[in-house]
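The values are calculated or read from the model by the stated rules, or taken from the named source; none is laboratory data. Just so it is clear, the model here is predicted, and its values are computed rather than measured. Cβ coordinates were reconstructed from backbone atoms using ideal geometry, including for glycine residues, and neighbour counts include every protein chain displayed.
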Amino acid sequence: MLHRRDAMMRLGQFGLGSLSLPGLLRAEQTRGKSTPSRTGSAKSCILIYLWGGPPQQDMWDMKPLAAEGIRSQFQPIPTVVPGIDVCEHMPLFARHTDKTAIIRSLTHDSNNHEPSVYRTLTGRINNTLVVPRNQRNRNDFPNLGSVISYFTPLGAMPAAATIPRPIGHDGSTYSGTYAGFLGGRYDPMEVAAAEETKEKPTHSIVLPPEISETRLLARRGMLNVIEEMDQRYQSEKGARGLDSYREQAFGMLSSPVAKRAFNLDLEDPRTRDRYGRNEYGESILLARRLVESGVRLVTISWMYIQKGGNVANVWDNHGPFEGLTGTNMLKAHYCLPSLDQGFSALMDDLKSRGLLDETLVAMWGEFGRTPKLNASQGRDHWGACQSAVLAGGGIRGGQVYGSSDKDAAYPATNPVSPEDMLATVYHALGIPEDAELRDPLNRPHRLVDGRPLTELFG
């Protein structure tokens with residue numbers, strides 16, 4: 001049972017509280033035979049999850065010849081790859097299309113946030129997921145981060161992390177964002193650390209019984225946790241006689257690798273400026289630092305904390321929102337400008353550091369947006385067609401895969417399912433899509449019923 005349910009900061013990958021890291025360490029000794037060999041070219045993946053549903057017509061699949069009321073109110077601009085245009089508010093992204101594959105035919109049949117998040121992160125369909133949104137339970141199918149944790153030997157850092165907070169509204173967290181039936185030891189580490197939350201109440205965590213509960217400022221996030229845990233461990237280890245597994249667990253939390261990875265102050269100020277001194281830029285920068293330290297999957301859940309403390313999924317651009325139309329929401333700092341800046345800085349850094357070939361960068365949301373603009377000059381939910389972006393990790397850049405019809409309403413060629421996207425990520429990371437997971441009753445479950453888009457690689 002989680003303290004304050006999903007309003008707390010969860011550290012399941014490390015097994016704090018009821019989620020036992022020592023249990024993970026013991027299990028790790030007996031699990032190696034089930035771990036498939038890694039054959040993919042990518043060592044890690046950064047998933048920029050645009051929660052709310054990014055509009056394909058206003059970003060990567062513009063239809064300037066569509067009718068008034070359907071075509072974007074933005075203009076297309078050329079990119080470094082002839083024939084590929086993107087939105088005028090993504091000029092930095094346009095510099096990197098030689099490194100990207102834009103998928104314009106991602107499709108599924110749900111127009112609701114809850115089942116769409118679940119499907120795009122787990123590859124499973126559950127149309128019973130509706131408001132109220134706090135529906136995570138241990139019968140859920142595990143999400144991709146948990147799957148990657150399951151097939152990754154324990155190292156100095158967790159295999160999967162979610163930043164700057166889990167996907168969900170105002171203290172509730174969606175199904176499809178954690179390990180489900182695999183159990184707590186495979187939950188992605190969830191870190192609350194964001195500029196916008198610095199004035200909000202601190203988040204709570206549940207510590208092992210040997211250590212009293214602590215609190216930390218969300219602004220400092222995991223770095224504070226590590227420092228606090230290290231101090232407490234140093235004072236407690238002699239008196240408590242902790243077993244070797246517990247000692248190993250605390251050693252992981254207090255390792256120099258973890259401390260350095262979470263400390264953005266170690267970055268050159270000019271680098272932080274390039275990414276953007278805001279929640280979004282710092283999350284993308286932290287994601288780069290985490291994969292450099294050994295984390296295999298970092299999910300960036302893109303959301304916005306309003307002044308009153310409510311969480312808004314701002315890619316859900318129905319409009320009106322804080323006095324803005326749906327179209328103007330996209331031009332606000334929490335959407336296109338920050339995405340454009342952060343993604344470009346990430347591409348530059350991965351390329352210059354020699355990390356692009358071994359780091360898959362992915363961008364998608366739970367669905368696309370309606371072809372027709374609504375009365376608030378925004379677009380509504382639309383599962384039938386969406387765009388996604390892949391870069392690095394063996395992906396051949398400079399290509400567009402699939403196409404939509406004249407209104408970006410339905411796929412015209414090469415339809416791609418959420419299951420295919422997940423299979424493609426697993427393929428890049430060397431996890432066979434036909435691998436099996438075992439639930440607590442030892443029943444086998446195929447990893448994903450999708451086809452990896454192998455034609456995107458090479």
Can you name the number of the only condition in (1) closer than 20 Å to residue 93 by Cβ; (2) polar (S, T, N, Q); (3) surrounded by fewer than 24 Cβ atoms within 10 Å (Cβ to Cβ); (4) under 21 Å from the mean Cα position of the chain (by Cα) that residue 417 fails? (1)
Suppose the filter is acidic (Asp, Glu) and buried (at least 23 other Cβ atoms within 10 Å of the Cβ); does residue 98 pass it? no
Hey, could you check segment 295-318 for residues that are over 30 Å from residue 150 (Cβ atoms), of a type in the set (S, T, N, Q) and surrounded by fewer than 24 Cβ atoms within 10 Å (Cβ to Cβ) and say which is modelled with the highest pLDDT? 306
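Residue by residue, here is whether (1) part of a strand (DSSP E or B); (2) in contact with a Phe, Trp or Tyr (Cβ under 8 Å, 6 or more places away or on another chain); (3) farther than 22 Å from residue 143 by Cα holds:
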{"site": "360", "(1), (2), (3)": "yes, no, no"}
{"site": "363", "(1), (2), (3)": "yes, yes, no"}
{"site": "373", "(1), (2), (3)": "no, no, yes"}
{"site": "376", "(1), (2), (3)": "no, no, yes"}
{"site": "406", "(1), (2), (3)": "no, no, yes"}
{"site": "409", "(1), (2), (3)": "no, yes, yes"}
{"site": "412", "(1), (2), (3)": "yes, no, yes"}
Is it the case, given these coordinates, that residue 387 is closer than 28 Å to residue 80 by Cβ and either of a type outside the set (Gly, Ala, Ser) or surrounded by fewer than 18 Cβ atoms within 10 Å (Cβ to Cβ) (or both)? no
Given the structure, is residue 307 part of a loop (DSSP other than H, G, I, E, B) and free of Cβ contacts under 8 Å to residues at least 12 places away in the same chain? yes
What about residue 110, is it more than 18 Å from the chain's Cα centre (by Cα), at pLDDT 90 or above and buried (at least 20 other Cβ atoms within 10 Å of the Cβ)? yes
When residue 446 is run through (1) under 30 Å from residue 322 (Cβ atoms); (2) in contact with a strand residue (DSSP E or B) (Cβ under 9 Å, 6 or more places away or on another chain), the failure sits at (1)
For segment 321-335, give me each residue that is touching a residue at least 24 places away in the same chain (Cβ under 8 Å) and either more than 23 Å from residue 168 (Cβ to Cβ) or aromatic (Phe, Trp, Tyr) (or both). 325, 327, 328, 331, 334
Cβ contacts < 9 Å: first residue closer than 17 Å to residue 258 by Cα, restricted to segment 272-295; second residue among the acidic types (Asp, Glu) and in a loop (DSSP other than H, G, I, E, B), any location; separation 6+ or different chain. Result? 285/267; 289/267
Quick one: how many residues across segment 48-85 are of a type in the set (Val, Ile, Thr) and buried (at least 23 other Cβ atoms within 10 Å of the Cβ)? 1
Listed residues 186, 174; which is over 14 Å from the mean Cα position of the chain (by Cα) and touching a residue at least 40 places away in the same chain (Cβ under 8 Å)? 186
Single residue of 390, 373, 422 found to be within 23 Å of residue 113 (Cα to Cα) and out of contact with any Leu (no Cβ under 8 Å at 6 or more places or on another chain): 373
Just a yes or no: is a residue in segment 342-353 of a type in the set (A, V, I, L, M), surrounded by 20 or more Cβ atoms within 10 Å (Cβ to Cβ), in contact (Cβ under 8 Å) with a residue 40 or more places away in the chain and not in a helix (DSSP H, G or I)? no
Scan segment 428-445 residue by residue and report those that are outside any loop (DSSP other than H, G, I, E, B) and either among the polar types (S, T, N, Q) or in contact with a Leu (Cβ under 8 Å, 6 or more places away or on another chain) (or both). 428, 436, 437, 444, 445
Any chance residue 407 is surrounded by fewer than 20 Cβ atoms within 10 Å (Cβ to Cβ) and in contact with a helix residue (DSSP H, G or I) (Cβ under 6 Å, 6 or more places away or on another chain): no
Can you pull out every residue in segment 101-126 that is of a type outside the set (S, T, N, Q), touching a Ser or Thr at 6+ places or on another chain (Cβ under 7 Å) and part of a loop (DSSP other than H, G, I, E, B)? 108
Out of everything in segment 382-397 that is touching a Gly at 6+ places or on another chain (Cβ under 6 Å) and outside any loop (DSSP other than H, G, I, E, B), what residue ends up being farthest from residue 413 (Cα to Cα)? 382
Let me confirm something: among 458, 393, which residue is more than 16 Å from residue 123 (Cβ to Cβ), at pLDDT below 95 and not aliphatic (A, V, I, L, M)? 458
Residue that is surrounded by the most Cβ atoms within 10 Å (Cβ to Cβ), among those in segment 426-441 that are among the charged types (D, E, K, R) and more than 22 Å from the chain's Cα centre (by Cα): 439
Wholly enclosed helices (runs of 4 or more DSSP H) of segment 231-294 bearing at least 2 residues at pLDDT 90 or above and closer than 25 Å to residue 353 by Cβ: 269-275, 279-292
